[in-house]
Amino acid sequence: MTQTPAGSVLQVFVTETYRIDLADTSADPLLTRLTAACHRVAAEDKAGQAWSKAKTYQGYTSYGSILDLTVIDPAFGELKALIETQSLIYARLLELDLQGKVPKLYNMWINVLDPGGGHTGHNHPLNAFSGTIYLETPPGSGDLDLEDPRQPLLMHAPPRQAKAEPFRRTFISVTPQRGTLVLWESWLRHQVGINTGNGKRLSISFNLDM
Ligand SMILES: [Fe+2]
């Protein structure tokens, strides 16, 4: 019987996200100041509390009430600069042609996610890059789940093996720590896993465009 030769896999259309962990780096004091500022805003922002309740958000978000966090506390301005720097690094790693422009942060919002809370699959239309920085991540407070963007096209494609290499799976879970910053291109669908722990998860999400 003739032996059939084996070919090799040609990887194409890779989805690349970005992670940096900022705890115990020179940015650690900023994480501490951001945490305090977020808790102060969450306690004082009555409009945001009402908006969160009206939208049945389980916890508090400033998404519907505060357009520009940078005017509220300088820590948010420092975070904006940090995110813009990291986004440029990410864009260069992806070999994107920015045509001389640099990513600019246009909005960011605080998320205090109560136990039992989560956020179903979505993307962030009309932006180039999106991401989240995590400030408090008690045990079980939920992963960031990234979804294969080819999902709607898979049709008769066989499912992946349960123990397939992570980059071949349909969902990738990122377990954040205090200080984890994750960036992705804004078209990438993602969801926030249910907070099954006992503590609140604190994060700041944001969008950038060119
Ligand atoms: Fe999101």
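The values are calculated or read from the model by the stated rules, or taken from the named source; none is laboratory data. Given the structure is predicted, the values throughout are model-derived calculations rather than measurements. Cβ placement follows ideal geometry from the backbone for every residue including glycine, while neighbour counts extend to all protein chains displayed. These accessible areas exclude ligands, DNA and RNA; they are computed on the full protein's heavy atoms, side chains included. Shrake-Rupley method; radii C 1.70, N 1.55, O 1.52, S 1.80 Å.
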Check your understanding: Ordering LEU126, LEU113 from largest to smallest accessible area (1.4 angstrom probe), what's the sequence?
Key -> LEU126, LEU113
Point to revise | Area accessible to solvent at ASP209, 1.4 Å probe radius, in Å² | key: 50 Å²
Check your understanding: Which distance in nm do the two modelled labels at GLU78 and MET155 give, with both placed 7 Å along the Cα-to-Cβ direction?
Key -> 5.4 nm
Exercise for review: Please report the relative contact order for the chain, taking Cα pairs under 8 Å with a sequence separation of at least 6, and give it as a percent rounded to a whole number.
Suggested key: 31 percent
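Using just the alpha carbons, could you tell me how many Å³ per residue the convex hull of the chain encloses?
Spread over its residues, the Cα hull of the chain gives 168 Å³ apiece.
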Check your understanding: Between LEU93 and HIS122, how many nm apart are label points set 7 Å from Cα along the C-beta direction?
Key -> 2.6 nm
Point to revise | Total formal charge among the other residues, if their Cβ is under 14 angstrom from that of THR85, Lys/Arg +1 and Asp/Glu -1 | key: +1
Check your understanding: Can you give the FRET efficiency for LYS101 and THR15, using 1/(1 + (r/R0)^6), R0 = 22 Å, r = Cβ-Cβ distance, to the nearest 0.05?
Key -> 0.45
Practice item. Using a 1.4 Å probe over the heavy atoms of the protein chains, calculate the carbon and sulfur portion of the accessible area of the chain as a whole percent. Key: 56 percent
Point to revise | Cα lying deepest toward the dipole's positive end in the chain, options SER65, PRO158, ILE20, charges on Cβ | key: PRO158
Revision key, fill the gap. Under the rule rounded for a/c under 1.5, else prolate if a/b exceeds b/c, else oblate, using alpha carbon gyration tensor axes a ≥ b ≥ c, the stretch 126-179 is classed as oblate
Review point. How much accessible area does MET210 have with a 1.4 Å probe, in Å² rounded to the nearest 10?
Key: 70 Å²
Review point. Most mobile of VAL14, VAL112, VAL182 per a Gaussian network model of the chain (Cα springs, under 10 Å)?
Key: VAL14
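Sort the stretch 1-115 into rounded, prolate or oblate with this rule: let a ≥ b ≥ c be the square roots of the eigenvalues of the Cα gyration tensor; rounded if a/c is under 1.5, and if a/c is not under 1.5, prolate when a/b is larger than b/c, oblate otherwise. All intermediate terms of the calculation are to be shown ahead of the outcome.
Values: a/c = 2.61, a/b = 1.92, b/c = 1.36.
Judged from the Cα gyration tensor, the stretch 1-115 comes out prolate (a/c at least 1.5, a/b above b/c).
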Study note, to complete from the structure: Descending packing, highest mean Cβ count within 10 Å first, for 95-101, 191-197 is 191-197, 95-101
**Study point:** Estimated [θ] at 222 nm from DSSP helical runs (n ≥ 4, -39500 (n - 2.57)) normalised by residues in the chain, nearest 500
**Key:** -7000 deg cm²/dmol
Review point. Just the accessible area per residue of the chain, please: how many Å² with a 1.4 Å probe?
Key: 59 Å²
Practice item. Rank GLU78, GLU136, GLU165 by mean-square fluctuation in a GNM of the chain with C-alpha springs under 10 angstrom and give only the top-ranked residue. Key: GLU165
